[in-house]
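The values are calculated or read from the model by the stated rules, or taken from the named source; none is laboratory data. In this text, all values refer to a predicted model and were calculated from it rather than measured experimentally. Methodologically, a virtual Cβ is constructed for each residue, glycine included, from the backbone with ideal geometry; neighbour enumeration extends over all protein chains shown. Calculation scope for accessible area: heavy atoms of the full protein, side chains included, ligands and nucleic acids excluded. Shrake-Rupley method; radii C 1.70, N 1.55, O 1.52, S 1.80 Å.
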Amino acid sequence: MGAQLRVYKRRIKSVTATKKITKAMEMIAASRIVKAQRQVTASTPYATELTRAVTAVATGSTTKHPLTTEAETPTRAAVLLVTSDRGLAGGYSSNAIKAAERLTERLRGEGKEVDTYIVGRKGVAYYGFRERKVTDSWSGFTDSPTYADAKQVAAPLIAAVQQDTAEGGVDELHIVFTEFVSMLTQTPVQRRLLPLSLDKAAEESGTKGEILPLFDFEPSAEDVLDALLPRYVESRIYNALLQAAASKHAATRRAMKSATDNAGDLIKSLSRLANAARQAEITQEISEIVGGASALADATAGSE
């Protein structure tokens, strides 16, 4: 009985230490969510106005440009998948990966080749373990991305869009990330960044149904679109990275809260088992004492 009680006590001590760690991680994740939400809110007006500017240029000119014009027969697409560098976030990364695989399967079903770009070690490890080709990857900044990180990710994607498909370029650019809806809800979504759908762009920028002013473009509408293309892609990727970071912290907080609650329940269960073992040990000791006293009394009575 004594050995069993020591085992329970060791397990209670171990689970208590784990509970302290998960509680601390829960609090850290909660504090990071607030910062990530502020960054998302701060980046939204810029992205909205940039989309509004692109919409105005596209609707005010007849220039054919990769930013707004779809290829007649698209044959190649790029998919950017945003995952996390670290785990302990429930199904956050796996859900994003599943969404990317569904998108890739659909694009291939349409007869398009797919180039995969990945942000985050979890996505890189998933594709690497399965020996799947990854065109480019980035990691080390998913918890707190900056605009410089977004520019680094966007650079090869912009180059691929501007390049001819015969030379390794792409006709479409898609992004898969986890959208932060609330503290309890984070949803994996896929968006087509390029070519830009004017209807969706007008809806996002709040100009749907609105009569836009006429503009004169200098030196030309095509040059204006050339200048807006990298800014548009960078801003959208930056916003997606921020959304994904907020979603990851929320998922971590939820997972760590669940782990903390489970540790508390386990401690209660182990404490009951330890108490039962202690009571059984005490009962056995009392029985041994009573039995010894009874035997001694019988021996004394027999000698008389």
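Would you please give the FRET efficiency between E222 and R108, computed as 1/(1 + (r/R0)^6) with r the Cβ-Cβ distance and R0 = 25 Å, to the nearest 0.05?
Efficiency, rounded to the nearest 0.05: 0.20.
Taking I12, I33, I28 and ordering them by how much accessible surface each has at a 1.4 Å probe, largest first, produces I28, I12, I33. Take every Cα pair under 8 Å whose residues are at least 6 apart in sequence, average their separation, divide by the length of the chain, and the relative contact order is 33 percent. Exposure check, 1.4 Å probe, all protein chains in place: R52 carries approximately 80 Å² of accessible surface. Per residue, the average separation of C-alpha pairs within less than 8 Å and at least 6 apart gives region 79-202 a relative contact order of 27 percent. Positive contributions from Lys and Arg (+1) and negative ones from Asp and Glu (-1), summed over other residues with Cβ under 11 Å from the Cβ of Q152, come out at -2. The candidate values were [x] 6, 28, 30, 20, 13, 4, 0; [y] 6, 21, 24, 17, 10, 7, 5, 4, 3, 2, 1, 0, 0; [z] 7, 28, 35, 21, 8, 2, 0, 0; the one computed from these coordinates for P(r) over Cα pairs in 10 Å bins from 0, in percent carries the label [y].
Distance between the pseudo-spin-label points of T300 and S258 (7 Å out from Cα toward the beta carbon): 6.5 nm. Between the alpha-carbon centres of region 119-191 and region 238-255 there is a gap of 15 Å. Tally Lys and Arg at +1 and Asp and Glu at -1 over the other residues with C-beta under 12 Å from the C-beta of K133: what net charge comes out? Result for the local shell: -2.
In the chain, what percent of the accessible surface is made up of carbon and sulfur (1.4 Å probe, ligands and nucleic acids excluded)?
Exposed carbon and sulfur together represent 53 percent of the surface.
Accessible area per residue for region 117-179, computed on protein heavy atoms with a 1.4 Å probe, is 47 Å².
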